[in-house]
Amino acid sequence: MAKSVLMLALCVLLPALISASRPMSRPFLLQGRVYCDTCRAGFETSATTYIPHAKVRVECKNRQQKVLYSMEGMTDATGTYHIRVNEDHGDETCDVVLVSSPLGNCNKADPGRDRARVVLTSYNGIVSDTRFANAMGFMKDEVMSGCTTLLQSLMEEDD
């Protein structure tokens, strides 16, 4: 009996533990953008600018809301971040969250646009290793001139 349990451990459990502890051979590339809401509209407009050197963080939590994985990233000159994630997080809930903006007049996170849910698992039918997150935004302290006209034109297009 003891031999069969030992064989089971060596043949089944040991390889499973080893593969679970190794990083993925092809990591996920998480990509998204951070913007400054110059019109305080709550969404991206043609007046929106993208923020270079903004900090973001990807966090993956278990069902008890305990953070199991966290990695920070920074946007490039175009306001786009690229974060490599070397682990599969299939049983976890992962979000990208805003950390900080380098712009003094645009550093208040827009409620509702301050985080983006992402899927970081290979077991969901997505072939690509690149994962895209929705854009997240900070709000400008003062509304930029010309925003009233811009927002009115957007409302007219809806009719």
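Taken together, the values in this text are just the output of simple stated rules run on the coordinates, not laboratory data. Remember, predicted model here, so these are calculated numbers, not experimental data. All Cβ positions, glycine included, derive from the backbone under ideal geometry; neighbour counts span all protein chains shown.
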Proximal aspartates and glutamates to residue 66, defined as alpha-carbon separation beneath 20 angstrom and excluding residues fewer than eight positions away on the same chain: 87, 88, 91, 92, 95, 114
Where labels lie 7 Å past Cα in the beta-carbon direction, separation of residue 93 and residue 53 in nm: 3.5
Phi-based couplings in Hz for segment 150-156 (Karplus 6.51, -1.76, 1.60; Gly and Pro marked x): 4, 5, 5, 5, 5, 5, 5
